[in-house]
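Values quoted throughout were computed directly from the atomic coordinates according to the rules given, and no laboratory measurement underlies them. A quick note: this is a predicted structure, and the numbers were derived from the prediction, not measured. Methodologically, a virtual Cβ is constructed for each residue, glycine included, from the backbone with ideal geometry; neighbour enumeration extends over all protein chains shown.
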Amino acid sequence: MEPRHFCHAPGVTAVDESTGQILIAGTEDTFADWSVTAYLRELGYAVTIAATGQQALQKLRGKAFDLLLLAVNLPDMDGLHLLEGLHFAQGLHRPPVLILTTERDIVLAEQCLAHGADDLLRSPVKQVVFKKRLENILRTARLQAALSACQQDNAIAQKLAKDLTQVILPIGIALSKIKNFDRLLEKILRETKGVCNADGGTLYLREGELLKFAILLNDSLQIEINDEDSDSFPSPLRLWDEATGAPNHKHVATASALLGISIHVPDIYQVRNFDFSEIKAFDQKYGYHSISSLTIPLKNHDGDVFGVLQLINPKDPQTGDIIPFDAYMQQVAEALASLVALVLSYQDLLERQKEFLRVEDELNIGRQIQTSFLPETIPQPPGWEIVARLRPARTISGDFYDVFALEKQQHIGIVIADVCDKGVGAALFMVLIRTLIRAFAEYSLDGQTPLRSVVDFTNDYILRNHYQTNMFATLFIGMLDPATGMLRYVNSGHPAPLLLNAEGVKSHLSPTGPVIGAFPHIAFEVHQVHLKPEDMLFAFTDGITEARNANGKIFTSQRLLTCVNHAGRLTSGAALLDHVEETVQQYMAEAVQFDDVTMLTIRRNAYPYAQERSAQPFDLGDYGFRTVYFNRSVS
């Protein structure tokens with residue numbers, strides 16, 4: 001039987017104390033006049049016996065146990081000395097300890113309690129007492145493990161949110177101000193190394209079918225190599241084989257570029273499916289030892305890879321030891337890489353088209369950035385139809401929508417918003433709001449109030465750090481439970497979404513608070529609404545109601561109500577969007593659209609969710625971000 005680990009997810013309260021791995025240090029007659037081993041196995045435990053203290057310590061080095069059943073006196077040492085060995089030994093799993101003692105050794109047993117033992121029993125002991133004490137100590141240990149895991153998750157979530165708002169976004173803003181391209185590349189590599197505490201790093205840029213080295217940095221060696229040092233710089237890497245045309249997946253950098261994924265290798269000298277000859281040659285030349293690497297693709301707004309960041313040897317901040325990259329480091333590095341990609345894409349465009357750039361070009365760049373932050377696919381829970389549409393105007397605005405799966409809460413997050421400005425500034429402000437909402441929503445651990453927290457944190461961050469922009473946004477954000485049809489929402493000054501059924505408009509989801517980014521310390525209210533089968537929620541931005549005809553007359557909210565009331569019997573959200581769009585377009589006729597039009601519908605189908613779910617399981621994890629890891633076992 002494999003060792004069992006008792007770290008449960010938050011919210012899981014059922015604890016099974018009848019299984020686990022138990023190590024007995026001592027002989028049968030040490031504990032009772034009945035067979036402890038046989039009784040434990042009868043209860044379902046896997047039992048390992050160590051006759052001496054040294055044997056017990058040896059077994060604890062090689063395996064994780066759920067409980068140590070310790071005789072207070074062993075042939076080679078007493079229980080107190082064994083506990084000291086547990087305390088000082090390196091790389092040794094320390095399970096809960098239950099001391100079994102006689103009345104004669106009670107003083108020694110009490111000393112064991114003072115030195116880390118969790119409980120004691122006096123021999124002879126009855127089976128019923130033994131079983132109950134065993135269950136209690138295992139339950140306590142497992143609950144402590146679950147609590148520790150929750151605390152670790154919470155610390156990680158808080159650190160990630162802090163790093164996003166206080167480190168990554170400010171870095172992105174600072175990078176965007178650097179005009180010199182070579183200095184920008186150096187700054188990008190240094191900042192990305194810094195967020196992971198990596199000792200070294202390399203930045204590659206793609207030119208046609210080649211990946212060319214742009215800059216290499218190594219702190220321990222105090223080395224900085226850029227493309228001006230052509231004699232010492234490695235040769236470019238080919239993305240495809242020159243003779244056969246086959247993709248070059250042998251080099252980790254080219255594989256990352258071709259596949260568009262991050263690749264983590266804990267030990268480059270142990271993995272066999274990548275060619276690390278360039279890094280090994282560097283190690284030999286400079287007397288260095290590269291161990292762990294993390295390679296991240298840089299993508300432009302079209303999703304095309306234009307460069308690769310490779311980090312080497314992250315260091316433990318306390319000890320300075322080289323450690324593998326962990327999942328948190330990768331998340332932070334990828335978040336920064338996304339901003340870096342935007343900065344480099346923008347910088348490259350400026351360099352190539354400097355003489356042609358005009359206001360219209362800047363607006364187009366902003367539009368591309370805005371579009372790249374819209375979801376590529378929208379989650380479709382069984383029994384539901386979710387459709388969104390954004391029709392951009394000629395000029396840039398800050399309209400956006402987002403639909404994403406929240407795996408921890410098994411909910412779907414739904415966002416539609418409009419920044420009250422136009423141009424590149426509004427588009428960048430939209431990117432900021434969207435990034436904050438995603439970050440806070442996906443890493444909130446409070447299952448009851450994540451929605452209010454998301455809006456509060458976003459509003460507070462904008463006011464603390466961007467108050468001088470005088471920009472704000474209307475926002476509607478909801479969390480849908482597909483299983484029940486319950487939608488919890490906050491409406492921050494946004495045009496009220498409409499809840500429809502076959503007869504027309506049932507209700508308006510009016511604002512529950514002011515706009516985002518305008519007022520500090522606002523208590524945004526969370527309301528909820530239940531979507532019954534065949535109900536449909538229609539959300540929109542003011543580009544609909546403020547659309548103008550050739551005479552400058554606006555479409556108005558009343559015309560929209562008339563439009564959707566006439567569409568009440570439509571059987572799909574897509575059909576409703578088509579109907580509204582056609583009606584507005586007919587009203588505008590030949591007039592120019594001056595504002596973005598964004599619409600979103602959520603429709604609950606007629607059949608019960610439970611029946612559909614049984615026929616077609618819905619895994620929220622299918623809509624999360626995926627990362628590829630490679631370890632030494634990969635062949």
- Ranked on Cβ counts within 10 Å of their own Cβ, fewest leading, 205, 60 go 205, 60
- residue 286 to residue 133: FRET efficiency via 1/(1 + (r/R0)^6), r the Cβ-Cβ distance, R0 56 Å, to the nearest 0.05? 0.40
- So how much slack lies between residue 530 and residue 304, counting 0.36 nm per residue of separation and subtracting their Cα-Cα distance, in nm? 77.2 nm
- Message: Spelling out what I want: for every residue of the range 503-514, take phi, set θ = phi - 60°, compute 6.51 cos²θ - 1.76 cosθ + 1.60 (Karplus), and round to whole Hz; glycine and proline get x.
- Response: 8, x, 6, 8, 7, 10, 8, 5, x, 10, x, x
- Item | Loop-located trypsin sites (Lys or Arg not before Pro) in the range 236-281, at most 16 other Cβ atoms within 10 Å (DSSP) | 250, 272
- Using the count of nearby Cβ atoms within 10 Å as a rough guide to exposure, how do 492, 292, 453 rank from fewest to most? 453, 292, 492
- Note on the structure: 1/(1 + (r/R0)^6) with r = Cβ-Cβ of residue 144 and residue 210, R0 = 35 Å, i.e. FRET efficiency to nearest 0.05, evaluates to 0.05
- Query: Measuring from label point to label point, each 7 Å out along Cα→Cβ, what is the residue 197 to residue 238 span in nm?
  - Reply: 4.2
- Message: Greater than 18 Å separation of Cα atoms is the criterion. Which listed pairs, 506/532; 212/315; 408/532, meet it?
- Response: 212/315; 408/532
- Given 0.36 nm per residue, what is the gain on full extension from residue 267 to residue 408 after removing their alpha carbon distance, in nm? 47.6 nm
- Enumerate by residue number the chymotrypsin sites (Phe, Trp or Tyr not before Pro) in the range 238-344 meeting two conditions: DSSP loop (anything except H, G, I, E, B), and at most 14 other Cβ atoms within 10 Å of the site's Cβ. 269
- Task: Could you tell me which of rounded, prolate or oblate describes the range 20-148, using a ≥ b ≥ c as the square roots of the eigenvalues of the alpha-carbon gyration tensor, with rounded for a/c under 1.5 and, failing that, prolate when a/b is larger than b/c and oblate otherwise?
- Result: rounded
- Item | Virtual spin-label span in nm between residue 318 and residue 391, 7 Å along Cα→Cβ | 6.0
- Message: Can you compute the FRET efficiency between residue 58 and residue 158 using 1/(1 + (r/R0)^6), with r the Cβ-Cβ distance and R0 = 35 Å? Round to the nearest 0.05.
- Response: 0.30
- Short version: ³J(HN,Hα) in whole Hz for each residue of the range 186-195, in order, from phi by Karplus 6.51 cos²θ - 1.76 cosθ + 1.60 (θ = phi - 60°), x for Gly and Pro, what are they? 4, 5, 4, 5, 5, 5, 5, 4, x, 5
- Message: Placing unit charges on C-beta atoms (Lys and Arg positive, Asp and Glu negative, everything else neutral), compute the dipole magnitude of the range 178-352 about its Cα centre in debye, rounded to 20.
- Response: 200
- Note on the structure: Other residues with Cβ under 11 Å from the Cβ of residue 521 give, with Lys and Arg +1 and Asp and Glu -1, a net charge of -2
- Message: Tell me whether the range 471-583 comes out rounded, prolate or oblate; compute the Cα gyration tensor, take square roots of the eigenvalues as a ≥ b ≥ c, and use a/c under 1.5 as the rounded threshold.
- Response: oblate
- Note on the structure: Once Lys and Arg are counted +1 and Asp and Glu -1 for all other residues with Cβ under 13 Å from that of residue 107, the total becomes -2
- Cleavage-rule hits, GluC sites (Glu not before Pro), the range 539-611, DSSP coil, Cβ neighbours within 10 Å at most 15: 546, 590
- Task: For every other residue with a beta carbon closer than 10 angstrom to the beta carbon of residue 378, add +1 if it is Lys or Arg and -1 if Asp or Glu, then tell me the sum.
- Result: -3
